[in-house]
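This report concerns only the one structure given below.
The values are calculated or read from the model by the stated rules, or taken from the named source; none is laboratory data. These numbers come from a predicted model, not from an experiment. Here the Cβ positions follow ideal geometry from the backbone for every residue, glycine too, while neighbour counts run over all protein chains shown. Heavy atoms of the whole protein, side chains included, go into the accessibility calculation; ligands, DNA and RNA do not. Shrake-Rupley method; radii C 1.70, N 1.55, O 1.52, S 1.80 Å.
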Amino acid sequence: MAKVETVRGPIDVDDLGPALMHEHVFVLQPEPLLNYGHVFGDCYWDEEVRVADAIAKLGAVRKAGIRTLVDPTALGLGRNVGRIQRVNESVDLHIVVATGVYAFLELPNFLAYRSVDAIAALFVRELREGIDDTGIKAAFLKGAVEQNGLVGDVPRILAAIAAAAKETGAPIMVHTNAAARTGLLALEALVREGADPARIVVAHVGDSNDLDYIREVAASGAWLGLDRFGIEHFNPLADRIRTLLALLEEGYGDRIHLSHDAACFYDFMVGDPNFADEKPDYLLVWNTVLPALRKSGIGEELIEQLTVDNPRRFFGG
């Protein structure tokens, strides 16, 4: 039976159970904290308070019957698997973490002068041996193609991700901008570099209600990330549910990932009035979206496919 790596070690893919396929625990970059930590008043980060808060929030996720949380916090978002491990010690939840680079334009300076092969080798190490000296292995690769497209270092990052995926068989998640239809650009670049579209999830296609765009992404064989339920700024909840129902009616239920892109803490929201009303909720899909599907006539077999079977197939290959 295929295995998938988690923060607590490898498990059988059949043990993933009901899963949220795109969530974060913490988004906290160390450099802003060191330089802007007190500019909005008291320091916005208290380790003990935030860890306790995460334990409570993820405990509620587990209590709701969710067994797995997939966290695509890669380099560029402040990944700290040691901190997640500390939370996980107090919560009986499978947490799956990523390797890769989250960047819209350029590589972090530490990687900027390294070759594609050298960057890919770092990704492979994190998939096969572990992240730094933690022993925690990543289970998938993460990249991004934002509204500006395949600019700057983005093609190099995608080339390194595709190379690591080819070598290890790990699946790929790529952040995209639905309004700019960059999921198609991301797929084109990754497939050109040898990645298998059936092993790629195009994140955030659910920000769009353009079914023609989503169908075109699906036609490649890729997975569809309907993974920002609750982020009203990009697409209101009612529209997201209507789009999901339309896709299910058309038979795409076997390739959809459901999630929220939520987190216990986002540093970029600190002191920014644009995010004053944001209330990330890991349970919106379970408490609101799935009941709405049931009310619309979607049966339990299809709901299990969305929440259990699809995650298992994505990680099981």
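Our summary of shape: the Cα atoms of the stretch 89-136 have principal axis extents of 40, 23, 13 Å, ordered from largest down, in whole angstrom. With respect to the cross-link table entries K63/K137; K3/K137; K142/K279; K63/K142; K142/K166; K3/K63, which display a Cα-Cα separation exceeding 22 Å? Over 22 Å Cα-Cα: K63/K137; K142/K279; K63/K142; K3/K63. The packing ranking, built from the mean of other Cβ atoms within 10 Å per residue, places the peptides 211-217, 179-185 in the order 179-185, 211-217, highest first. Considering only Cα atoms, the convex hull volume of the stretch 31-105 works out to 119 Å³ per residue. Of the listed residues M269, M1, M21, the order by accessible area with a 1.4 Å probe, largest first, is M1, M269, M21. The residues of the chain present an accessible area of 43 Å² per residue when probed at 1.4 Å with all protein chains retained. For the peptides 194-204, 34-44, residues were scored by their other Cβ atoms within 10 Å and the scores averaged per peptide; the highest-first order is 194-204, 34-44. Reported to the nearest whole Å, the Cα centre-to-centre distance from the stretch 118-185 to the stretch 89-106 is 12. Taking the protein heavy atoms of the stretch 211-278 in the context of the full set of protein chains, the accessible area attributed to carbon and sulfur is 50 percent at 1.4 Å.
For the stretch 100-251, what D do you get in µm² per second when you plug the Kirkwood radius from alpha-carbon pairs into Stokes-Einstein at 25 °C and 0.890 mPa s?
For the chosen part, D equals 154 µm²/s.
Nonpolar atom fraction for the stretch 1-82, defined as the carbon and sulfur part of the 1.4 Å probe accessible area, stands at 54 percent.
A DSSP coil position with no more than 12 other Cβ atoms inside 10 Å describes the following GluC sites (Glu not before Pro) in the stretch 105-141: E129. Here is the P(r) of the chain: all C-alpha pair distances, binned every 10 Å from 0, give 6, 28, 37, 24, 4, 0 in whole percents.
Counting charges near V145 (Lys, Arg +1; Asp, Glu -1) among other residues having Cβ under 11 Å from its Cβ returns a value of -1.
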